[in-house]
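Structure first, then comments.
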Amino acid sequence: MVNKVRIATASLAGCFGCHMSLLDIDERLIELVAQIEFDRTPLTDIKQIGSCDVGLIEGGVCNAENVEVLKAFRRHCNILVAVGACAINGGVPAMRNQYSLAECLEEAYLSGSGIDNPQIPSDPELPLLLNQVHPVHDVVWIDYFLPGCPPSADTLFTFLGELLSGQPIQFAYRQIRYD
Ligand code: SF4
């Protein structure tokens, strides 16, 4: 029996677009899935990550829960990959970094347009917001960075295929130009 590579994925402060790009691999997913098994992912709904070969992280780090999840991925994954612009440089969520956290909360919950019953949410179940959104490599060591918003399905397929076969990661020119 072939030993399968165990993969976990998570979306931190992301839009799930990078996960959607994975699904856009379409029918080629069948050959990938024959070689892998999933641990914690939005697909399996496993809440706690176990021991994994590869972890794919989408999204920046915007709150205390993101930090906890990211550190758990680093502890449990042999290879950790930052997938997409938000994970690599904060991307869209990091646009809030030009304002203070207080200004963001004020605009979102108190004085922005169309707000009914203005109040800043304070339920203790809500994860504590960080003052700024961080790229994932600010928090843990990252082994690979896959740029793009999102990285294309072709790029993800090439990356995962070469990783699974133990080959050096090499992309065609069209997969690493972004203009
Ligand atoms: Fe969404 Fe783009 Fe960020 Fe991926 S990189 S989570 S597609 S905004």
Problem - Near pairs, Cβ below 7 angstrom, 6+ apart or cross-chain, from region 149-162 (farther than 9 Å from Q175 by Cβ) to any residue that is of a type in the set (K, R) - result: F157/R28
Practice task
Would you mind stating whether I169 is open to solvent by less than 60 Å² (accessible area, probe 1.4 Å), over 18 Å from G60 (Cβ atoms) and part of a loop (DSSP other than H, G, I, E, B)?
Solution key: yes
Exercise for the section: Specify which of the listed residues (G84, G55, G50) is free of Cβ contacts under 8 Å to residues at least 60 places away in the same chain and surrounded by 22 or more Cβ atoms within 10 Å (Cβ to Cβ). Expected result: G55
Fill in the blank from the handout: Pairs returned, first residue in region 90-103 that is closer than 17 Å to V67 by Cα and of a type in the set (D, E, K, R), second residue that is open to solvent by less than 70 Å² (accessible area, probe 1.4 Å) and more than 16 Å from the ligand (Cβ to nearest atom), beta-carbon separation under 6 angstrom, 6 or more apart or interchain, are none
Practice task
Could you please tell me which pairs satisfy a Cβ distance under 6 Å, a separation of 6+ or placement on different chains, a first residue in region 24-46 that is at pLDDT 90 or above and among the hydrophobic types (A, V, I, L, M, F, W, C), and a second residue that is outside any helix (DSSP H, G or I) and open to solvent by 90 Å² or more (accessible area, probe 1.4 Å)?
Solution key: I36/K4
Practice task
Could you run through region 87-125 and say how many residues are small (G, A, S), on the phi > 0 side of the Ramachandran plot and open to solvent by 70 Å² or more (accessible area, probe 1.4 Å)?
Solution key: 1
Practice task
Consider A64 carefully, then state whether it is over 17 Å from H137 (Cβ atoms) and at pLDDT below 95.
Solution key: no
Exercise for the section: Determine, yes or no, whether L160 is out of contact with any Phe, Trp or Tyr (no Cβ under 9 Å at 6 or more places or on another chain), of a type in the set (A, V, I, L, M), within 15 Å of the ligand (Cβ to nearest atom) and part of a helix (DSSP H, G or I). Expected result: no
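The values are calculated or read from the model by the stated rules, or taken from the named source; none is laboratory data. Quick caveat: nothing in here was measured; it's all calculated off a predicted structure. Cβ atoms come from the backbone with ideal geometry, glycine included; neighbour counts cover every protein chain shown. With ligands, DNA and RNA removed, areas are computed over all heavy atoms of the protein, side chains included. Shrake-Rupley method; radii C 1.70, N 1.55, O 1.52, S 1.80 Å.
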